Amino acid sequence: MKKILISTWLLLSLFSHLASAEDAKPSAEALLLKMSEASKTMNYELSYILVRKNSIEPLLYRHAVENQQNLAHLVYLSGPVREVIRRGDEISYIEPGIDPFSIRTGHMVAPLIPLIDSDITALSQIYDFVKIGRSREAGTACQVVRVVPKDGQRYSYVVWIDERTHLPLRADLVERNGEILEQYRTISYAVSDHIATILNGLNTVKLPDVLTLPKPEQAEASWKVNWVPNGFEANSLNRYRMSVTGNIVESQLYSDGLFNFSVYVSKIQTADSHPQVYRQGRRTLQTFIKDSREISVIGDIPPSTAKRIADSITFSSPSSSQGEVTP
């Protein structure tokens, strides 16, 4: 009897120890916060590929912090020379066919591994973070976390986080039915202060002067978007004239910190205009005809969400009330 009691006590102690060890593991949100911090503060290099349905794009991304200033360099490794350079809050773009330019902003518009520049705390209000388990990527052990929208109206991400450095080594963009739309997969990576020495050379490189962007015109639209998925916030309204057709177009950008979409409204140009839906990978174009206007919703959202946004738009005045703009 005494042996049975001792065995039972040892077994219960083991279960208690395992449960305590499990509870001590970081939560999915804690892992993402560590990933965000590591990607912003460490000196590292990621060599990865962006896999889409019909293409594979190899890229190299280096990041360092030197004299409390963020330095970063993204290089496209195939095709014409394309680079994105960050020095503090100045981002420079070098693209074939256009003059290089720089703008002042804290965010690189480039195919970075997702969630590197995201506000995890803000995203937790509109996304659920779920730990899936452990796996391997780029030859190292990773914790796998799924980032799932609470409302089911947008895509999900599955992220592989290095257990040692907490850098993101892989991210899959996943449709609601489980289909993978894009993959960012690290081939090799390094963490070293030597990378800061390499990127310090960016401080002496002659880059294009920073463009002075005009403040957006304060304009009132005759239309209103009455529904967007929770967490999407609108930027200022833009109004401009198309150079080819002379048609006036109004547009508004919406972002939730992870995905973006834009709404465009203009007069119908031809009598045979009709609704259409076009999708390529993550990008959806939903065109909708209403009250003699053509409404287009374009962005990184599912077609059903784009349609619901377009259907929610209402007009407060006739289409002729659209304001004029300076050509």
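See the values below:
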| item | result |
| --- | --- |
| Check on residue 304, modelled with pLDDT under 90 and either among the small types (Gly, Ala, Ser) or touching a helix residue (DSSP H, G or I) at 6+ places or on another chain (Cβ under 9 Å) (or both) | no |
| Filter result (surrounded by 14 or more Cβ atoms within 10 Å (Cβ to Cβ) and out of contact with any Ser or Thr (no Cβ under 6 Å at 6 or more places or on another chain)) within the stretch 136-145 | 137, 140, 143, 145 |
| Counted residues, the stretch 257-280 - those being more than 27 Å from residue 229 (Cβ to Cβ) and modelled with pLDDT of 80 or more | 1 |
| The stretch 30-53 - residue that is among the small types (Gly, Ala, Ser) and within 16 Å of the chain's Cα centre (by Cα) and, of those, farthest from residue 67 (Cα to Cα) | 36 |
| Count - residues of the stretch 281-292 that are in a strand (DSSP E or B) and either more than 14 Å from residue 225 (Cα to Cα) or modelled with pLDDT under 75 (or both) | 6 |
| Neighbours by Cβ (under 8 Å, 6+ apart or cross-chain): first from the stretch 279-300, closer than 21 Å to residue 178 by Cβ; second small (Gly, Ala, Ser) | 283/299; 284/299; 284/306 |
| Selection status of residue 189, in a strand (DSSP E or B), touching a residue at least 60 places away in the same chain (Cβ under 8 Å) and under 23 Å from residue 66 (Cβ atoms) | yes |
| Residue in the stretch 189-205 that is among the small types (Gly, Ala, Ser) and buried (at least 20 other Cβ atoms within 10 Å of the Cβ) present | no |
| Considering residues of the stretch 54-73 that are over 22 Å from residue 204 (Cβ atoms) and out of contact with any strand residue (DSSP E or B) (no Cβ under 8 Å at 6 or more places or on another chain) only, the residue modelled with the lowest pLDDT | 54 |
| Residues of the stretch 73-112 that turn out to be touching a residue at least 40 places away in the same chain (Cβ under 8 Å), over 19 Å from the mean Cα position of the chain (by Cα) and not in a strand (DSSP E or B), as a count | 2 |
| Filter pass, residue 46 being crowded, with 16+ Cβ neighbours inside 10 Å and among the aliphatic types (A, V, I, L, M) | yes |
| Scan of the stretch 114-142 for residues that are among the β-branched types (Val, Ile, Thr) and touching a helix residue (DSSP H, G or I) at 6+ places or on another chain (Cβ under 8 Å), ordered by number | 116, 120, 121, 130 |
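The values are calculated or read from the model by the stated rules, or taken from the named source; none is laboratory data. The structure presented is a predicted model; accordingly, all values stated were derived computationally and were not measured. Methodologically, a virtual Cβ is constructed for each residue, glycine included, from the backbone with ideal geometry; neighbour enumeration extends over all protein chains shown.
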